[in-house]
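Working notes, structure below.
The values are calculated or read from the model by the stated rules, or taken from the named source; none is laboratory data. In this text, all values refer to a predicted model and were calculated from it rather than measured experimentally. Every residue, glycine among them, receives a Cβ derived from its backbone with ideal geometry; neighbour counts consider all protein chains shown.
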Amino acid sequence: MSRLRSGRGASPAGGGRTAATQRGVYVQSPKSDIYVALLGVALGAMILGCLLLVLVLNQYGFQTTV
């Protein structure tokens, strides 16, 4: 599926022009690839690391000094 990308000076939607008479460029919507999946894995690892850090700090009562 493509989306209509409006150019300069395009009227807003419902401006009296039908979709057949609007000017613009049809562009493909970006697809997910392996790098998007790796970003998700990295985000999950960071969240898991933060949760484990909170659990360890909870054992010490959240005190960082002696």
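Some values worked out for this structure:
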quantity: Residue identified as modelled with pLDDT under 80 and not in a loop (DSSP other than H, G, I, E, B) among Arg8, Arg17, Arg3; calculated: Arg3
quantity: Subset of the range 26-52 [within 30 Å of Phe62 (Cα to Cα) and of a type in the set (Val, Ile, Thr)]; calculated: Val41, Ile47
quantity: Hits in the range 55-64 (condition: part of a helix (DSSP H, G or I) and either in contact with a Pro (Cβ under 9 Å, 6 or more places away or on another chain) or exposed (fewer than 10 other Cβ atoms within 10 Å of the Cβ) (or both)); calculated: Leu55, Val56, Asn58, Gln59
